[in-house]
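See below for the structure under consideration.
The values are calculated or read from the model by the stated rules, or taken from the named source; none is laboratory data. Nothing here was measured: the structure is a model prediction, and the numbers come from that model. Virtual Cβ from ideal backbone geometry, glycine too; neighbours counted across all protein chains shown. Surface areas here come from the heavy atoms of the whole protein model, side chains and all, with no ligands, DNA or RNA. Shrake-Rupley method; radii C 1.70, N 1.55, O 1.52, S 1.80 Å.
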Amino acid sequence: MIYNMLISVCLAIFSFIFYKFHKFWLKNSKNELFVKEGNRLSIVKHWVIILRTALFSVIYFFKAIIY
């Protein structure tokens, strides 16, 4: 139970830090955002990572509560 809660907290922290990194990256590369090849794909990959870690954080949180 504590193990699942620990994983949940770690994933939530990672998701938040990665979100802040993504916002920082967008702010610094705004001028050349769609000029370089692969930037749109990078944006999608970042959002997939953020949403996936947030989702797994919620899943592990409920797993810790239920068990």
What are the residue pairs meeting all of these: first residue in the stretch 1-26, first residue farther than 13 Å from R52 by Cα, second residue open to solvent by less than 40 Å² (accessible area, probe 1.4 Å) and small (G, A, S), Cβ atoms under 6 Å, and 6 or more apart or on different chains?
-> M1/A64; N4/A64; M5/A64
Taking the stretch 1-26 and keeping only residues that are modelled with pLDDT under 90, open to solvent by less than 100 Å² (accessible area, probe 1.4 Å) and among the aliphatic types (A, V, I, L, M), one is left with L26
